[in-house]
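The values are calculated or read from the model by the stated rules, or taken from the named source; none is laboratory data. Just so we're clear, the structure is a prediction, and the values are computed from it rather than from any experiment. Because the Cβ atoms are built from the backbone with ideal geometry, glycine has one as well, and the counts that use them run over all protein chains shown. SASA here: full protein model, heavy atoms, side chains in, ligands and nucleic acids out. Shrake-Rupley method; radii C 1.70, N 1.55, O 1.52, S 1.80 Å.
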Amino acid sequence: MILFPTDFSDSSAKVFPYALDFAAKTGLSIHIIHFYQVDLGEFHGATHFQYTDIEKNLTEEMDNFIKMLPKNPRVRIESSLEIGFPIQSIKRLAEKGGKYEYIVMSTQGQRNALERFFGSIAAEVSVRADIPVLLIPSGVEYKHFENIVFAANRESVHKESIDSIRALVK
């Protein structure tokens with residue numbers, strides 16, 4: 001299964017066709033996931049109904065995001081929302097031997113001062129993840145894979161990873 005983290009940005013939507021193409025070529029499904037945080041300062045004393053409203057709004061946003069994405073009948077897509085910080089949550093989900101084989105994500109989504117200061121989520125995920133990460137540059141228009149840069153250290157190179165990536169360029 002491919003883990004596809006999203007922030008619902010246009011950049012993320014433009015990258016999705018690459019994940020879909022990769023999934024179709026490798027026979028994998030895609031899990032679209034959005035991580036969010038609840039501001040405890042605002043949430044302190046909040047009722048269950050207020051929290052439910054947050055989830056309802058994010059569920060609608062996820063549904064709208066998925067509706068605008070291309071489909072492929074050969075690729076099963078599931079989605080979910082999870083409370084947590086993206087980098088730590090993705091690392092936890094993407095442990096070796098888990099249900100995910102790859103992460104596909106955009107190199108740029110929503111930007112803010114905190115992200116600029118600490119670095120991009122995509123860069124951190126690519127360094128910390130135990131499974132291969134395909135980073136697709138933001139602003140690209142979908143076309144089939146033409147160039148792939150495979151960056152790895154010796155410990156992280158596995159024949160299966162290289163064989164799967166080769167499937168993209170055939």
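Miscellaneous remarks
- Note on the stretch 33-52: among residues that are in contact with a Pro (Cβ under 8 Å, 6 or more places away or on another chain) and of a type in the set (A, V, I, L, M, F, W, C), the one that is modelled with the lowest pLDDT is PHE35.
- Among the candidates GLU55, GLU95, GLU78, GLU82, the residue that is part of a strand (DSSP E or B), open to solvent by 20 Å² or more (accessible area, probe 1.4 Å), modelled with pLDDT under 95 and out of contact with any Lys or Arg (no Cβ under 8 Å at 6 or more places or on another chain) is uniquely GLU82.
- Restricting attention to the stretch 58-75, the residues being open to solvent by less than 90 Å² (accessible area, probe 1.4 Å), of a type outside the set (A, V, I, L, M) and either touching a strand residue (DSSP E or B) at 6+ places or on another chain (Cβ under 7 Å) or in contact (Cβ under 8 Å) with a residue 40 or more places away in the chain (or both) number 5.
- Within the stretch 1-33, the set of residues being of a type in the set (Gly, Ala, Ser) and open to solvent by 10 Å² or more (accessible area, probe 1.4 Å) comprises SER9, SER11, ALA13, ALA24, GLY27, SER29.
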